[in-house]
Amino acid sequence: MAIPYNALFWATGLATMGNSQVEELQLSNWFNPRKCPNVITATNCLAPIVWEGTFSRQVLEKHYRKKNLTLGLAVFAIGRFSDQYLELFLRSADKCFMTGYRVVFYIMVDTLSRLSQLERGPLRQFKMFTVTEDSWPDDVHLMRMKSLGKHIIQDIQGEVNFLFSMTVTQILQNDVGVEVLGMSVAQLHAWWYSKNPGSFPYERRPKSAACILFGQGDFYYDGVFVGGTPLEILNLFEEYLKSVIHDLKLGLNSTYEKYLNKYFFLRKPTKLLSPEYNWDAEFYPPPQVQYVKVAQQSKRRF
């Protein structure tokens, strides 16, 4: 999977909010894969894989500070463990996510009474949305997608330049900054990152909308951290819902993560995040993962 070094630096992209556009820097200005020679730093489609050491935060900050950005971070928290997880998540995100930038936290809960007293830093805004059970009460992912998709259409797409969605069981341990910004951002699954693609747990049933046949696919993506422009996130959600409906009509039932992998198989992300951005806190990281930015908490803690 080696990529010619010079081939990484071809094009720039645009991120949109309303009628405005945020020009992204050319890769050669901020990304240096030679700093991490022992890991995969680019895809076959020339998208960068962000590891600590591969990027210049100084260059990125100089570029994005001029753009007057507003960023969104969505989290879905319902059920009996949500109070404990949500407070830890928000405290860590308030401290470590996009420090110095305006951030709107979109918090989807089943009761608005939660966290009314939680303090937040400057440039931080909390928006609480109530989620009610509907025709898919037992599928949390469907509930989350439908709820966030509705709010992207009604509110979010006019408020933020980039939107990220994370799971409530994560806790940010170090800075997660503008290096993660991109049109379509996917998280590499830490468990499957070093495995052979032939062993990836893709959906293999040909009739399923999530199917990726043997011999196809390059990475396995984790659904705990995705991002991009609001319209890109909305498109991901809409395709996911369409795929689920397609499979239900055939009597099939796959998983959110498998649908997500099919989506990114067909529509390659423009930026990938290394396992540093979601590492399972129960396992000691391998030599490649030297700087854990986001840890996945164990439910056994509560």
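The values are calculated or read from the model by the stated rules, or taken from the named source; none is laboratory data. These figures come from a predicted structure and were not determined experimentally. With ideal geometry, Cβ positions are generated from the backbone for all residues, glycine too; neighbour counts draw on all protein chains shown. For accessibility, only protein heavy atoms count, side chains too; no ligands or nucleic acids. Shrake-Rupley method; radii C 1.70, N 1.55, O 1.52, S 1.80 Å.
Key figures
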| item | result |
| --- | --- |
| Percent carbon-and-sulfur accessible area, the chain, ignoring ligands, DNA and RNA, probe 1.4 Å | 52 percent |
| Projected-area mean, segment 226-302, by convex hull of Cα positions, square nanometres | 7.4 nm² |
| Pairwise label distance in nanometres, residue 29 with residue 291, each label 7 Å out on the Cα-Cβ vector | 2.1 nm |
| Values of log10 I(q)/I(0), in the order q = 0.13, 0.20, 0.23 Å⁻¹, for segment 139-208 under a Debye, Cα-only, solvent-free model | -0.64, -1.21, -1.25 |
| Check: the chain dipole with +1 on Lys, Arg Cβ and -1 on Asp, Glu Cβ, in debye | 300 debye |
| Stretch gain in nm, segment residue 231-residue 38, where the contour uses 0.36 nm per residue and the Cα spacing is subtracted | 66.0 nm |
| Theoretical FRET efficiency, 1/(1+(r/R0)^6), r = Cβ-Cβ of residue 175 and residue 216, R0 45 Å, to 0.05 | 0.80 |
| Sites residue 283 and residue 87 - FRET efficiency at Förster radius 22 Å, r taken between beta-carbons, to 0.05 | 0.35 |
| Intensity falloff of the chain expressed as log10 I(q)/I(0), Debye formula with alpha-carbon point scatterers, at q = 0.13, 0.15 Å⁻¹ | -0.95, -1.31 |
| Pairwise Cα inverse-distance average, inverted: Kirkwood Rh of segment 172-294 (Å) | 15.3 Å |
| Point-to-point label distance, residue 252-residue 266, nm (Cα→Cβ direction, 7 Å offset) | 1.1 nm |
| Amide proton proximity set for residue 102, modelled H, under 5 Å, gap of 5+ | 71 |
| Largest to smallest principal axis extent of the C-alpha atoms in segment 18-95, angstrom | 46, 38, 24 |
| Protection-proxy order for peptides 265-277, 62-74, each taking the mean of Cβ atoms within 10 Å per residue, highest first | 265-277, 62-74 |
| Nitroxide proxy distance, nm - points 7 Å out along Cα→Cβ at residue 241 and residue 65 | 4.1 nm |
